[in-house]
1. Is there a residue being modelled with pLDDT of 95 or more, under 29 Å from Gly70 (Cα atoms) and out of contact with any Leu (no Cβ under 8 Å at 6 or more places or on another chain) anywhere in the stretch 171-184?
2. Please specify each residue of the stretch 1-53 satisfying the condition of being in a strand (DSSP E or B) and either open to solvent by 10 Å² or more (accessible area, probe 1.4 Å) or within 23 Å of Phe74 (Cα to Cα) (or both).
3. Where residues in the stretch 10-59 are closer than 30 Å to Pro178 by Cβ and among the polar types (S, T, N, Q), which of them is modelled with the lowest pLDDT?
4. Quick check on my filter: what residues within the stretch 86-111 are touching a strand residue (DSSP E or B) at 6+ places or on another chain (Cβ under 7 Å), open to solvent by 20 Å² or more (accessible area, probe 1.4 Å), of a type outside the set (D, E, K, R) and under 24 Å from Pro44 (Cα atoms)?
5. What number of residues in the stretch 145-175 are closer than 30 Å to Leu193 by Cα and in a helix (DSSP H, G or I)?
6. Across the stretch 70-85, which residue is nearest to Asp111 (Cα to Cα) among those that are open to solvent by less than 60 Å² (accessible area, probe 1.4 Å) and of a type in the set (Gly, Ala, Ser)?
7. Quick one: which of Glu163, Glu149 is in contact with a helix residue (DSSP H, G or I) (Cβ under 6 Å, 6 or more places away or on another chain), free of Cβ contacts under 8 Å to residues at least 60 places away in the same chain and open to solvent by 70 Å² or more (accessible area, probe 1.4 Å)?
8. When the stretch 99-136 is examined, which residues are found to be closer than 16 Å to Gly13 by Cα and part of a strand (DSSP E or B)?
Amino acid sequence: MVKVGLTGGIGAGKSEVSRLLASYGAVVVDADKIAREVVEPGTPGLAAVVAEFGEGVLTPEGTLDRPKLGGIVFNDPEKLKALNAIVHPLVGARSAELEASAGPDVVVVHDVPLLTENGLAPLYDTVVVVDAAPQTQLDRLVRLRGMAEDEAKSRMAAQATREQRLAIADLVIDNDGPLEALEPQVRAVWERLRGA
């Protein structure tokens, strides 16, 4: 088994790289997806989030109101730290379960947005960083995701810097260009990972 940590700043295109790697045969363990699962209604994770942040972070249907919670934590480092202390151990435990069930001869790609911020690089055989210039990230967040520019800048500022991500990278995928330029790079990374 080859354990890969895949990361990149918001809007860098990590999800597309993850999708391509899965299409080549990688087993993808998506931390964001797991983070949503561990706070679904009826889970201990959601109960802990409500205990920390109050009933106001729930929708009328009883699910987590992600935009509301995001508005609270992305502007307050202490509240973000409190949320991470609840969610990260749950995500780690579920990720380990999924990895253990993957089998011995596979490339397991852990899609981890906050890999750099949480000092997780040593957990992986290889760290792949999807890189894009901050202006490219901002443009994608505003134009493609419909985020307000100030919200996009706030989310970007809450993450590691580009330099911090690149410092932990074993392999870098440059995603500043068009989508057509991405696939050949991801294919080349896949070939290297298969040979590892």
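The values are calculated or read from the model by the stated rules, or taken from the named source; none is laboratory data. Everything numeric in this text was worked out from a predicted model, so none of it was measured. Note that we place each Cβ from the backbone using ideal geometry, even for glycine, and neighbour counts take in every protein chain shown. Areas reflect the complete protein model, heavy atoms only, side chains present, ligands, DNA and RNA absent. Shrake-Rupley method; radii C 1.70, N 1.55, O 1.52, S 1.80 Å.
1. yes
2. Selection gives Val2, Lys3, Leu6, Thr7, Gly8, Val27, Val28, Asp30.
3. My answer is Ser15.
4. Leu98, the sole residue that qualifies.
5. The number of residues fulfilling the criteria is 7.
6. Checked the stretch 70-85; the qualifying residue nearest to Asp111 (Cα to Cα) is Gly70.
7. Numbers: Glu163 fails: in contact with a helix residue (DSSP H, G or I) (Cβ under 6 Å, 6 or more places away or on another chain).
None of the others qualify; the one that does is Glu149.
8. Those that are closer than 16 Å to Gly13 by Cα and part of a strand (DSSP E or B): Val109, His110, Asp111, Val127, Val128, Val129, Val130, Asp131.
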